[in-house]
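Some notes on the structure that comes next.
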Amino acid sequence: MTEKLHYIEFRHVYKTFDHPVLVDSNFYVDVGETLAIIGRSGVGKSVSLGHIMGFLKPDQGRVFVAYQDITDFDEAQLREIRKKVTMVFQSGALFDSLTVAENILFSLELRSDYDEKNKEDVVDGLLSLVDLLQFRDVYPADLSTGHKRAVAIARALAAQPECILYDEPTTMVDPIMSDTLIKLMLKLKYDLKLTGLVVTHDLDLMRKVADRVMFLYEGRAIYFGAVKDLEKSDHPHIREFLAMDRVELVPGQ
């Protein structure tokens with residue numbers, strides 16, 4: 001019987017810095033799906049993203065990305081993986097000295113399948129996709145946090161990835177911009193069929209975008225399964241987390 005390969009998979013991954021951050025972490029993401037990783041700060045959510053991008057190596061265990069075991073990949077091999085899997089950082093990580101259009105153009109310069117004639121059209125098309133064409137000549141310093149993240153998503157799409165990793169995409173943005181970003185993520189999921197993995201504290205985002213969710217607690221995955229079944233969990237730390245979210249939703253609290 002042939003072993004099933006998942007698009008992204010952690011197998012018994014351990015990582016320790018000054019304390020254990022990931023402890024026997026096991027999860028997977030299949031092509032076209034979106035996985036949400038949730039939990040309190042410092043439980044290993046962003047460290048998981050770092051392993052998928054190859055910025056970090058596990059102390060033990062194996063990491064599979066784009067169906068390949070990348071655990072022992074060198075930097076040249078990881079660059080090829082990063083053409084397929086890209087990350088939208090919480091900060092946006094835009095170049096402050098470049099306009100919005102120039103930031104996206106920078107990603108296109110790394111590709112060989114565009115000529116100069118149509119690069120501007122591609123930039124405008126990507127900005128139209130994220131509804132930010134009117135900001136093409138604006139510098140990042142003049143953008144809101146939410147708009148910076150939308151530009152970062154457009155820049156990530158310039159590489160024509162198969163998968164996007166989102167690090168806290170709705171943190172520190174207003175409810176209207178949060179809703180805009182969620183709709184954009186859904187558009188990429190259903191229209192472009194992109195695989196996704198999102199680290200978030202935002203349970204509204206999780207419920208709307210994710211197919212599966214992993215709940216991390218002290219480096220361990222104490223839940224991995226369908227979003228709809230998370231509410232049924234009787235684990236005390238998950239119950240407490242969900243209860244705190246409901247308190248925050250009560251008007252006037």
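Given a 10 angstrom Cα cut-off, can you work out which residue in R207, R149, R62 is the most mobile in a GNM of the chain?
Comparing R207, R149, R62 in the GNM, the peak value goes to R207.
So which of K4/K45; K57/K189; K4/K189; K15/K57 end up more than 19 Å apart by C-alpha?
Those over the limit are K4/K45; K57/K189; K4/K189.
Taking θ = phi - 60°, what integer Hz values does the Karplus form 6.51 cos²θ - 1.76 cosθ + 1.60 yield along the range 62-78, in sequence order, with x for Gly and Pro?
Each residue's phi maps through the Karplus curve to give 10, 10, 10, 9, 6, 6, 10, 6, 9, 3, 10, 5, 8, 4, 5, 5, 5 Hz.
Could you state the number of Å between the C-alpha centres of the range 70-89 and the range 179-248?
Between the Cα centres of the range 179-248 and the range 70-89 lies a distance of 25 Å.
Which of the pairs K119/K148; K83/K183; K84/K232 have their Cα atoms more than 27 Å apart in this structure?
Correct reply: K84/K232.
Over the range 178-250, what relative contact order in percent results from Cα pairs under 8 Å that are six or more residues apart?
Relative CO of the range 178-250 lands at 19 percent.
In whole percent, what relative contact order does the chain give with Cα contacts below 8 Å and a gap of six or more residues?
Relative contact order of the chain: 25 percent.
Using the Karplus equation 6.51 cos²θ - 1.76 cosθ + 1.60 (θ = phi - 60°), what ³J(HN,Hα) coupling, rounded to whole Hz, does each residue of the range 164-170 give in order, writing x for Gly and Pro?
For the range 164-170, the Karplus-derived couplings read 10, 9, 10, 9, 6, x, 9 Hz, x marking Gly and Pro.
Got a sec to turn the phi values of the range 188-200 into Karplus ³J(HN,Hα) couplings, 6.51 cos²θ - 1.76 cosθ + 1.60 with θ = phi - 60°, whole Hz, x for Gly and Pro?
5, 5, 8, 7, 9, 6, 7, 6, x, 9, 10, 8, 7
May I ask you to order 212-223, 123-134, 11-22 by the average number of other C-beta atoms within 10 Å around their residues, highest value first?
In descending order of packing, they fall as 212-223, 123-134, 11-22.
At 1.306 mPa s and 10 °C, plugging the Kirkwood radius over alpha-carbon pairs of the range 7-142 into Stokes-Einstein gives what diffusion coefficient in µm²/s?
Using the Kirkwood radius from Cα pairs, D works out to 92 µm²/s.
As an exercise, find the ratio Rg/Rh for the range 101-222 from alpha-carbon atoms, using the Kirkwood inverse-distance average for Rh.
1.00
Write down the radius of gyration of the chain and its Dmax, each obtained from C-alpha positions, in Å.
18.6, 58
Sorted from fewest to most neighbouring beta carbons within 10 Å, what does the list H201, H235, H147 look like?
By the 10 Å Cβ count, ascending, the order reads H235, H201, H147.
What percent do you get for the relative contact order of the range 30-110 when only Cα pairs under 8 Å and 6+ apart count?
The normalised contact order for the range 30-110 reaches 17 percent.
Can you tell me the dipole magnitude for the chain around its Cα centre, using point charges on the Cβ only (Lys, Arg +1; Asp, Glu -1), in Debye to the nearest 20?
Roughly 500 debye, rounded to the nearest 20.
Using every alpha carbon pair in the range 178-250, what percent of pairs falls into each 5 Å bin from 0 up to the bin containing the largest distance?
3, 14, 24, 25, 17, 11, 6, 1
Given the Cα-Cα distance of K183 and F17 and 0.36 nm per residue of separation, how much length would full extension add, in nm?
Gain on extension, K183 to F17, equals 56.1 nm.
Given the DSSP H assignment, sum -39500 (n - 2.57) over each helix run of at least 4 residues in the chain and divide by its residue total; what's the result at 222 nm in deg cm²/dmol, nearest 500?
-11000 deg cm²/dmol
What number results when the radius of gyration of the range 29-94, computed over Cα atoms, is divided by 2.2 N^0.38 Å?
Compactness ratio reported: 1.15.
Where a number appears in this text, it was derived from the coordinates with a stated rule and is not lab data. Note that the coordinates shown come from a computational prediction; the quantities given were computed from them, not determined experimentally. As a convention, Cβ positions derive from the backbone with ideal geometry for all residues, glycine included, and neighbour counts pool all protein chains shown.
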